[in-house]
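Only one structure is covered here, and it is reproduced in the block below.
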């Protein structure tokens with residue numbers, strides 16, 4: 001296999017294995033319209049002989065894309081999958097979402113092991129560097145959110161979940177007062193109205209907030225028309241995949257790419273290229289996940305101005321080889337995902 005992964009190259013025959021997993025959270029995590037208490041994921045393995053590619057998908061909770069339904073969707077395609085796959089055929093096999101994400105990322109991992117070439121190199125990227133990541137605070141009282149932010153002792157960037165409730169200004173003020181120097185972003189998860197954001201905006205400016213993520217509900221993006229915001233506005237729920245990119249220009253400044261939304265690393269890289277062509281900045285995010293979900297997303301992060309890959313820090317346990325978080329940065333270990341299996345090669 002050459003330096004770049006050929007999209008049409010078929011890998012097979014394959015053996016497919018799937019397992020539903022539950023990972024408890026350290027504490028409930030609240031966002032606008034949803035509370036998380038446990039992480040449910042599908043752990044998928046694709047094997048070609050003694051080489052095994054791994055991946056994880058949580059799905060997209062607000063689209064009712066859940067691990068159980070993801071597993072059912074993939075099971076229906078077992079014969080097709082086990083016959084053999086290419087990156088192109090995975091794109092045609094399933095729509096964007098958790099099922100395609102699991103298959104696509106497992107295939108990338110498997111290709112790295114089969115070829116002896118790391119996934120970053122197959123993708124045509126530069127050698128991965130440590131990434132500065134945000135760390136999230138769920139919506140709570142201002143005092144508890146400030147305590148949450150301070151508990152990330154080595155964080156250099158914090159993202160706050162806001163809800164459109166009257167306490168939102170105090171939440172932002174409390175965190176900024178506790179941490180005067182960190183990069184600060186806020187995420188509404190579709191929870192704002194236009195009048196609420198206009199009232200909140202002076203506080204966000206005064207508190208030196210650098211990003212407002214998904215302020216309005218999907219389908220109401222026109223509420224951004226005419227809004228004068230010196231703060232960058234990111235699309236999250238409003239951009240699921242590559243087909244949604246063109247509609248963002250003129251309203252959003254930043255595209256938040258998530259592998260569970262778009263259906264894997266292959267489409268995520270295509271989204272990054274398309275976004276750059278339109279002059280949009282890039283962000284990579286997560287739906288909460290173990291380190292196995294963060295690893296392929298961290299390749300997208302190499303192209304991004306904003307990285308939000310803190311999922312494992314919310315869990316009571318993680319994969320045997322976890323993502324490494326240090327001094328506000330994350331690094332993906334070679335043994336986790338996307339690198340050759342040197343032991344098997346020998």
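The values are calculated or read from the model by the stated rules, or taken from the named source; none is laboratory data. Please read all numbers here as calculations on a predicted model, not as lab measurements. In this analysis, Cβ positions are derived from the backbone assuming ideal geometry, glycine residues included, and neighbour counts consider all displayed protein chains.
Checking the stated criteria, residue 336 turns out not to satisfy the condition of being part of a helix (DSSP H, G or I), out of contact with any strand residue (DSSP E or B) (no Cβ under 8 Å at 6 or more places or on another chain), assigned by TED's automatic domain parsing to the domain that holds residue 227 and touching a residue at least 40 places away in the same chain (Cβ under 8 Å). Which residue out of 278, 265, 336 is surrounded by fewer than 24 Cβ atoms within 10 Å (Cβ to Cβ) and closer than 23 Å to residue 252 by Cα? From the options 278, 265, 336, the qualifying one is 278. How about the range 107-127: which of its residues are surrounded by 18 or more Cβ atoms within 10 Å (Cβ to Cβ) and part of a loop (DSSP other than H, G, I, E, B)? Hits for the range 107-127 are 117, 118, 123.
Selection over the range 86-106 of residues that are outside any helix (DSSP H, G or I), buried (at least 18 other Cβ atoms within 10 Å of the Cβ) and under 20 Å from the mean Cα position of the chain (by Cα) gives a count of 3.
When restricted to residues that are touching a residue at least 12 places away in the same chain (Cβ under 8 Å) and either part of a strand (DSSP E or B) or farther than 19 Å from residue 152 by Cα (or both), the range 173-197 contains 14. Only residues that are within 10 Å of residue 186 (Cβ to Cβ) and either assigned to a helix (DSSP H, G or I) or without any contact (Cβ under 8 Å) to a residue 12 or more places away in the chain (or both) were counted in the range 139-172, giving 3. Only a single item in (1) part of a loop (DSSP other than H, G, I, E, B); (2) out of contact with any strand residue (DSSP E or B) (no Cβ under 7 Å at 6 or more places or on another chain); (3) more than 18 Å from residue 43 (Cα to Cα) is not met by residue 270, and it is number (1).
Out of 286, 256, I need the residue that is closer than 18 Å to residue 132 by Cβ and assigned to a loop (DSSP other than H, G, I, E, B). Which one? Reasoning before the result, please.
Numbers: 256 fails: assigned to a loop (DSSP other than H, G, I, E, B).
After ruling out the rest, the residue left standing is 286.
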